[in-house]
Amino acid sequence: MTDEHVEQEEQQEEAAAEVDDRLLRLAADFENYKKRAARERQEYVAFANERILKELLPVLDDLERAQRHASRCLRLSRELGETGAAAESLITLALVASSKGDLMLTRTLLSESVKIARRGDNVGPLSSAFDFLAELELEQGDADAARKLFEEALVLRQAIGSTGWVAWSHSNLGLVAHACGELDEALDWYRRALACAQELGVTQLATECLIGIAAVAAKRSDTIRAARLLAASEGISGMMGHGGWLAEGALKEETLAEVRANLDEQSLASLWEEGRAMTLAEAVAAAR
């Protein structure tokens with residue numbers, strides 16, 4: 001074999017090795033993509049379920065049925081070793097317990113959900129459990145503990161890089177800031193979250209932000225604006241009287257009470273009609 005042939009063979013081997021290397025890298029990148037996509041899908045569903053449950057549980061006619069279903073899911077999840085599903089089932093059971101007024105059981109179930117989600121590195125259920133525990137703390141007057149839990153949830157969601165989830169955390173931090181009388185900070189958190197809600201078309205997030213901004217307006221004696229924004233939140237959500245879970249519901253009721261104390265019935269009715277007729281874009285503009 002001539003030197004020229006040897007050189008050509010070496011070049012071909014090098015080229016083949018380079019192709020093999022590129023294929024291996026591509027295969028590894030694809031596997032990483034599949035794992036990341038599967039994880040993000042699972043956690044998105046978990047987070048979406050949290051908000052759906054918050055809307056549905058207060059109006060369920062048969063909480064016992066929801067409890068039985070979640071209990072079965074929990075049992076199966078534990079048998080299969082699915083930590084994410086088990087954590088989500090515990091959160092559902094916690095929400096049922098909350099709807100029944102058993103806050104001690106609610107806290108116990110949420111704390112167990114945190115332990116299981118940590119063990120499986122399930123960011124969606126873990127951040128959701130932190131949110132609900134934080135609202136329990138806020139309901140019981142411990143704003144510092146609530147802020148810490150909300151901030152932990154925010155860090156988890158920032159690590160995932162999901163704009164929508166981060167916006168939920170911003171709204172939650174607005175809730176705490178309002179409770180602490182930090183009105184400028186609350187307004188900033190709520191407006192940041194509201195802008196994201198409008199961009200992503202997330203109605204429930206927009207509704208909560210509008211309630212929060214209305215609450216700030218009421219504290220600053222801007223009663224007319226507060227009334228319009230509360231009405232807009234109701235009109236956009238399409239759920240008459242819906243006020244969220246625990247701290248969120250309390251904030252709406254508290255703000256509505258302040259508005260009613262400072263407006264006559266005729267004025268309130270007129271403002272309410274105006275607010276409920278607003279589109280999301282109009283409500284966002286009114287909240288600036």
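What is the number of the single condition among (1) surrounded by 22 or more Cβ atoms within 10 Å (Cβ to Cβ); (2) within 12 Å of the chain's Cα centre (by Cα); (3) modelled with pLDDT under 95 that SER162 does not meet? It is condition (1) that SER162 fails.
The set of residues from the stretch 153-181 being assigned to a helix (DSSP H, G or I) and out of contact with any Leu (no Cβ under 9 Å at 6 or more places or on another chain) comprises VAL155, ARG157, GLN158, ALA159, ILE160. Within the option set GLU208, GLU258, GLU234, being in a helix (DSSP H, G or I) and more than 21 Å from the chain's Cα centre (by Cα) holds for one residue only, GLU258. Does ALA193 meet the test of being surrounded by 24 or more Cβ atoms within 10 Å (Cβ to Cβ) and touching a His at 6+ places or on another chain (Cβ under 7 Å)? Yes, satisfied.
Filtering the stretch 167-190 to residues that are within 22 Å of LEU280 (Cα to Cα) and either among the acidic types (Asp, Glu) or surrounded by fewer than 20 Cβ atoms within 10 Å (Cβ to Cβ) (or both) leaves only ASP188. Residue count for the stretch 137-158 under the criterion of being of a type in the set (A, V, I, L, M, F, W, C) and without any contact (Cβ under 8 Å) to a residue 12 or more places away in the chain: the result is 2. Across the stretch 140-159, the qualifying residues are those that are farther than 14 Å from SER127 by Cβ and hydrophobic (A, V, I, L, M, F, W, C), and the one among them that is surrounded by the most Cβ atoms within 10 Å (Cβ to Cβ) is ALA146.
Tallying residues that are under 17 Å from GLU137 (Cβ atoms) and either basic (Lys, Arg) or surrounded by 14 or more Cβ atoms within 10 Å (Cβ to Cβ) (or both) within the stretch 62-110 yields 13. Identify all residues within the stretch 203-235 that are surrounded by fewer than 21 Cβ atoms within 10 Å (Cβ to Cβ) and either in contact with a strand residue (DSSP E or B) (Cβ under 7 Å, 6 or more places away or on another chain) or of a type outside the set (S, T, N, Q) (or both); write none if there are none. Passing the criteria: LYS219, ARG220, ASP222, ILE224, ARG225. Pairs linking a residue in the stretch 109-124 that is of a type in the set (Gly, Ala, Ser) to a residue that is outside any helix (DSSP H, G or I), with Cβ atoms under 9 Å and 6 or more positions apart or on different chains, are GLY120/GLY81; GLY120/GLU82. Of all residue pairs spaced 6 or more apart or on separate chains, those with beta-carbon atoms under 8 Å, a first member in the stretch 80-100 that is in contact (Cβ under 8 Å) with a residue 60 or more places away in the chain and a second member that is aliphatic (A, V, I, L, M) are LEU95/LEU53; LEU95/LEU57; SER98/LEU57; SER98/LEU246.
The values are calculated or read from the model by the stated rules, or taken from the named source; none is laboratory data. Quantities reported herein were computed from a predicted structural model and do not represent experimental measurements. A quick note on method: Cβ atoms are made from the backbone with ideal geometry, for glycine too, and the neighbour counts reach across all protein chains shown.
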